[in-house]
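For reference, the structure discussed in these notes is given below.
The values are calculated or read from the model by the stated rules, or taken from the named source; none is laboratory data. None of these values were measured; they are calculated from a predicted model. We place every Cβ from the backbone using ideal geometry, glycine too, and count neighbours over all the protein chains shown. These area figures cover heavy atoms from the full protein model, side chains too; ligands, DNA and RNA do not enter into them. Shrake-Rupley method; radii C 1.70, N 1.55, O 1.52, S 1.80 Å.
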Amino acid sequence: MEFIDNHENLLFWSTLVSIISVIASILLIPWIVTKIPADYFTHPKRQKLLWGDQPKIVRFIFILLKNIIGVMLVLGGIALLFLPGQGILTILIGLLIMDFPYKYKFEIWIIKHTFLLNSINKLRSKAKKRPLVI
């Protein structure tokens, strides 16, 4: 009880962050999953980026911001492994946001797990989207 009394503010903020991350994951994950094209994982190499025709500085800033957000999510996910919250899911989302070598192969390796693919395709069917093709 002494720990709770001494760290009341920290416990309040960690609980608030946990609640926000749960609500955000419940709302954002189905939306993100339905935005993936059905044939996204059938290509041998990554498809052309949507912002590929933008000036180099715009692409650089966008990729930099994506990577900063991804690193923040990974670090927050690591913290959530020890605090109340969805740590593993937050780490996974952070990794998928970031750009790094062999990321596309890593995404394919993850999506090939039957349980995950079935879960994603169930969400996509509820949104009246075609299932992902591997």
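Here are the numbers:
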{"item": "Within the chain, helix-based [θ] at 222 nm, where runs of 4 or more DSSP H residues each add -39,500 (n - 2.57), nearest 500", "result": "-23000 deg cm²/dmol"}
{"item": "For the stretch 65-74, Karplus couplings with θ = phi - 60° (6.51, -1.76, 1.60), whole Hz, Gly/Pro x", "result": "5, 4, 5, 5, 4, x, 5, 4, 5, 5"}
{"item": "Residue among 133, 25, 104 farthest towards the positive dipole end of the chain, charges placed on Cβ", "result": "133"}
{"item": "Heavy-atom surface of the chain, accessible at 1.4 Å and reported per residue (Å²)", "result": "75"}
{"item": "For the stretch 12-28, Karplus couplings with θ = phi - 60° (6.51, -1.76, 1.60), whole Hz, Gly/Pro x", "result": "4, 5, 5, 5, 4, 5, 5, 5, 5, 5, 5, 5, 5, 5, 5, 7, 7"}
{"item": "Per residue Cα convex hull volume in Å³ - calculated over the chain", "result": "137"}
{"item": "J(HN,Hα) series, the stretch 126-134, from Karplus relation 6.51 cos²θ - 1.76 cosθ + 1.60, nearest Hz, glycine and proline x", "result": "5, 8, 6, 10, 5, x, 5, 9, 9"}
{"item": "Cβ charges +1 (Lys, Arg) and -1 (Asp, Glu), total dipole of the chain, debye", "result": "1140"}
{"item": "Per residue Cα convex hull volume in Å³ - calculated over the stretch 1-75", "result": "148"}
